[in-house]
Amino acid sequence: MSTAGFNSQNGTGTGTGQTYTNGPSQNPVALQQLPGVNYGMTHQSTYNPMQAKAPAPPGPGLYPSGPYQPAPPVSSYQPGPPLTSYPSAPGQSLLSRPQMGGPPPHTPPQSASPGPRLLPAQATPPPPAVSSSSYYQNPQQPMAPAWQYNTAPPPMGPPASMSAPPRGPVANHMNPAASLAATAPPPSSAAYSTAPPPHMSQSATQPPGPGMPPTSLHGYTQTGTAPPPIAPHAYQPGRPAYGPPPTGPPPTMKPAPPPTGPTMANATPPPPKADGAVAGNGPQASNSYNHIDNKMAGLTQPGPPGRHLGHYPSLPPGYQNTSAPHATSNIHPAMQAATQPYTRAPQPYQQMPGGPGPAQLSPSLAAMSLQSSTPEALRVVNLVQERNLLPPNAIPAPTPCLTQDLQKINCSPEVFRCTLTSIPQTQSLLNKAKMPLGLLLHPFKDLSQLPVVTSSTIVRCRSCRTYINPFVSFLDQRRWKCNLCFRVNDVPEEFMYNPVSRSYGEPHKRPEVQNATIEFIAPSEYMLRPPQPAVYLFVLDVSHNAVETGYLNVFCQSLLENINALPGDSRTKVGFITFDSTIHFYNLQEGLSQPQMLIVSDIEDIFLPTPDSLLVNLNECKELVQDLLKSLPTLFEKTMETQSALGSALQAAFKLLSPTGGRLSVFQTQLPNLGVGALQSREDPNQRASAKDIQHLSPATDFYKKLALDCSGQQVAVDLFLLSSQYCDLASLGCISRYSAGSVYYYPSYHHQYSPAQVERFQKDLKRYFTRKIGFEAVMRIRCTKGLSIHTFHGNFFVRSTDLLSLPNVNPDAGFAVQMSIEENLDDMQIVSFQAALLYTSSKGERRIRVHTLCLPVVNSLSDIFAGADVQAISGLLACMAVDRSVTASLSDARDAMTNAAVDSLSSYRQFVLTIQQPGLLAPACLRLFPLYILALLKQKAFRTGTSTRLDDRVFAMCQLKYQPLVYSMLMIHPALYRVDDLTDEGALNINERTIPQPAVHQLTVEKLCREGAFLMDCGTVMYLWIGRNCHPNFLTQVLGVPNYAAVPENLYLLPELDTAESQRTRAFVGWLRDQKPFFPSLHVIRDESQLKASFMQNMIEDRTESALSYYEFLLHLQQQISK
């Protein structure tokens, strides 16, 4: 197993794995060393969720198939010593966010007496340093190994900017931040059943002692006795990695015995012992919630058949609704939400308000805002108990905690999105949060509103070359300060004039400073050569296999229909090459009466027969082009050529396009088997489901990658259309698009007669492909505030230098992702910014620059970091990282790493953010869907095991995860399920005088299906309409146009246009879902007997399969790993 992090780049040479930073590189801040403590290093390593932790145990990955094996009991927690109650101060909540990153405003004097001594009744351990990874109550205890996520452990101590915490015991110092490094055992039943009401004075429950200092920078205090600290779980390099979850059903657990002995009602808490235990007489009281947790975790044998679908398994009884036990009536109100059973109604998914947050407020105001209530994003959710976590509607991106003025002009999350909307101050804080930091971009997205500025002077920072943007600061009318490197720059005279208001002297009102997304028409200094024309070259497979599929008819017809819509101007050029065992060129020179075919049979030494007449001006030779398109399908009707010289055809196309650059569109239907680039089948169909690990995910040859890099250097991008029913080695062929910034389109089992849905999808995709806007000879650079650095890129491109992405073509459907680290502490910053600049040539020959700038707050507490987590962006970035890990290491390695990512982040949350330790699998509300998305990734076509998956299908799914913008890849990861047999106009949208119903999203489990209904599943590139066996006749007749269930056609892929309200609603909803995507998802209407029913059921992520756990079992597995 590889232990290297994700440092692979899409390219070679200087672009591989190098980091870069804006501005001069500085050494990290030297860490202050406490007396008697030694540090092994001075630089924080980056947390890498994909880092291999230890050799993986044998098995087929995360979910081994085979017979059930007994597993160790799944326990949410181990019984610990009882805790005494510690009520909050009047009017304050125990679940208020503690200050996680800083020391208390003042530190009590340390004890002068040497050696350990007993703590007084109210004593608690000192607040730990932020960068410390464990807490030791006894100085004689050996130091446990720290987390080692990349190369070396982080330093054990605070950064220089932080005051050292007291090393001795501190009297009366209750600091919730102690949970940063010490995890308290679960409280006993007595702890909360005897807590006095908030209005009682403190003297009722605690003996007199010295006054309590404030416990955090936010300025709130808590009274009473702290939970005795225990050493947290530290990562052990020698222990096995978080292994595969148990293959059998979750084991049952015996309920804990009821507490014995007298209750501790109204008792004064006994002082804790020196070792952290609580002194007391009599037996220790067990936790009264054991029986709740045991009931939820055990008894999961398959229950009776489902109510609606007899052959579908129902939920385990432990996961169905349970009534609240009587004991919960005595729980402290702050714990009520996490211990009561889940409710039937789905929880509303609320985001943090867009108003000013802690980053912009003074400490006193921040303290008030945090005292008043816990934000929704940090509401504690017990995942094992709360069932209906999926919101009924689409999940919006979280709103960064910025002032309203900044938020109003911030970049749209559809274009620029960060995994953490609150940036940690230090790398050590980021490592402690155990969440990946990265950006997801959709830079060339089709936008309805895009300000375009024409100016002879584009204002940029003289030092770091950042474009002026809304987040710079003007010192006066003549000077502005860069928000990335902080250099002060002069305002050019021309910038003083505002073309919008036609006023002078207000540079801060210019459109460049009012819009986070803007496009400049670039002057001549942004051109290395005159802008190239739009050039389109089509390379077509015409072997016997290709002619059999019938794709050539569809291609020629589609191009004929859209030839006038090709983006371009009077200089636009087109050309055609066809190939089988030889290469065929077409002379389309003006003056010829018909196209002239030129055949080159010497494929080993390819040459261009008439270089000047193979690429022709479209306007001048349009009739010849149209004649060729009409004759091509019949030209090769009778061919018996079975060989494919794809490599030679690509070499010829490269020679033809090299002088100008342009777009190369390749249509291939079989494995190339002749000449350069010939490939052999590497797939063993018998090993698809049983293989312990998946082989051949990497290319078989570097021919296609090398050719792609040559293409990139000549501003040529290659788009690959693969239409095949046989294995084509997409892992090798895909390199031609990946490294040249092209796209891959894949149509498995394409045939013009046998797969009409694929034909329809191919037609729609071609129309979009021919007519969408395009940028030529593009480059993109991403800059970030000094102190942050970008180290890994994901997408289709070539890294030309350490930070410059070469994009010979850029299209509006391409997404990118980058990983980041924090190289220098951001102590003195309240906000940081990120800027993506895309320089390209439009199809009209204009040189343009599109600039996007994103602003995010900087925070110094773990609770704020978690509150700003964007669960979808995190999942999307992890998917990109896992694809790289699958190729560079192994699929099982990637699967384990994704599970570790969920375990790590939830462990960190439990250990460092929760002020009250409770049983169960706890997550903040903003991360409540994280385990579900991780499980969905593990069951996704790219990463699943134990299920027969064609190798090309798997590789294409990996390509999509790396290349698609987040909004589309999330549907691939976690499809949306809607019930559509009862659509109504209630809550409907009204778009262009069309009424679009808005049904609720259902969980992906057969429990939500019923025989009487019809359900639509949107998986991004494909949709399934599942019809229940007892579906209401009204839906069948009014929507599908059939009299009964048996009459539903086997291969129905079109909804008939019926003049009924039900038909119009259903078609409007399906059309609306399609309109939101740049590609065309095919629709399959399926019944119980349909072949595609298995594909539909495989997307039921929350259900158990022979080779994969159910969602509930996966939660128990995570809980078991976290409690280790």
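The values are calculated or read from the model by the stated rules, or taken from the named source; none is laboratory data. Values in this document were obtained by computation on a predicted structure and should not be read as measured data. When we count neighbours, we look across all protein chains shown, and the Cβ atoms used for this are built from the backbone with ideal geometry, even at glycine. Heads up: the accessible areas ignore ligands, DNA and RNA and are worked out on the full protein's heavy atoms, side chains in. Shrake-Rupley method; radii C 1.70, N 1.55, O 1.52, S 1.80 Å.
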What order do you get for 458-470, 672-684 when each peptide is scored by the mean count of other beta carbon atoms within 10 Å, highest first? 458-470, 672-684
Taking all protein chains together and a probe of 1.4 Å, list CYS711, CYS959 from the most accessible to the least accessible. CYS959, CYS711
Probe 1.4 Å - accessible area at THR642, Å² to nearest ten: 80
Let me know the shape class of segment 757-902, please: from the alpha-carbon gyration tensor, a ≥ b ≥ c as square roots of the eigenvalues, rounded when a/c is under 1.5, otherwise prolate if a/b is greater than b/c, or oblate. oblate
What ranking, highest mean first, results for peptides 536-542, 474-480, 722-728, 695-701 when packing means the other Cβ atoms within 10 Å averaged over each residue? 536-542, 722-728, 695-701, 474-480
Mean Cβ count within 10 Å, highest first, over the residues of peptides 376-382, 1092-1098: 376-382, 1092-1098
How much length, in nm to one decimal, is gained on full extension between PHE486 and GLN695, taken as 0.36 nm per residue of separation minus their Cα-Cα distance? 70.3 nm
Can you compute the modelled spin-label distance between SER524 and LYS408, with each label point 7 Å from Cα toward Cβ, in nm? 4.2
Going through the cross-link list LYS705/LYS941; LYS481/LYS1077; LYS764/LYS941; LYS434/LYS1077, which pairs have a Cα-Cα distance over 30 Å in this structure? LYS481/LYS1077; LYS434/LYS1077
Report the calculated FRET efficiency for ASN553 and ILE395 (r = Cβ-Cβ distance, R0 = 35 Å), to the nearest 0.05. 0.25
Nitroxide proxy distance, nm - points 7 Å out along Cα→Cβ at LYS655 and SER503: 6.4
Checking the cross-link filter: which lysines have an alpha carbon closer than 18 Å to that of LYS939, excluding same-chain neighbours under 8 positions apart? LYS692, LYS962, LYS1093
Hits among aspartates and glutamates - C-alpha to C-alpha of LYS573 under 20 Å, sequence gap 8 or more where chains match: GLU561, GLU590, ASP612, GLU620, GLU623, ASP627, ASP719, GLU777, GLU846
Go ahead and run the numbers for FRET between TYR754 and ASN619, Cβ-Cβ distance against an R0 of 41 Å, rounding to 0.05. 0.55
GluC sites (Glu not before Pro) within segment 1092-1124: which are DSSP loop residues with at most 11 other Cβ atoms inside 10 Å? GLU1106
Once a ≥ b ≥ c are taken as the square roots of the eigenvalues of the Cα gyration tensor of segment 632-707, is the result rounded (a/c under 1.5), prolate (a/b larger than b/c) or oblate (a/b not larger than b/c)? oblate
Order MET1023, MET829, most accessible first, counting only protein heavy atoms with a 1.4 angstrom probe. MET829, MET1023
Rounded, prolate or oblate (a/c below 1.5 giving rounded, otherwise prolate when a/b exceeds b/c) for segment 1022-1124 by Cα gyration tensor: prolate
The correct ranking of ASP1103, ASP982, ASP490 by accessible area at 1.4 Å, largest first, is ASP490, ASP982, ASP1103
Work out how much length LEU635 to ARG465 would gain on full extension: take 0.36 nm times their residue separation and subtract the Cα-Cα distance, in nm to one decimal. 55.7 nm
Under the 7 Å Cα-to-Cβ spin-label approximation, ALA1094 and THR995 lie apart by a distance in nanometres of 4.2
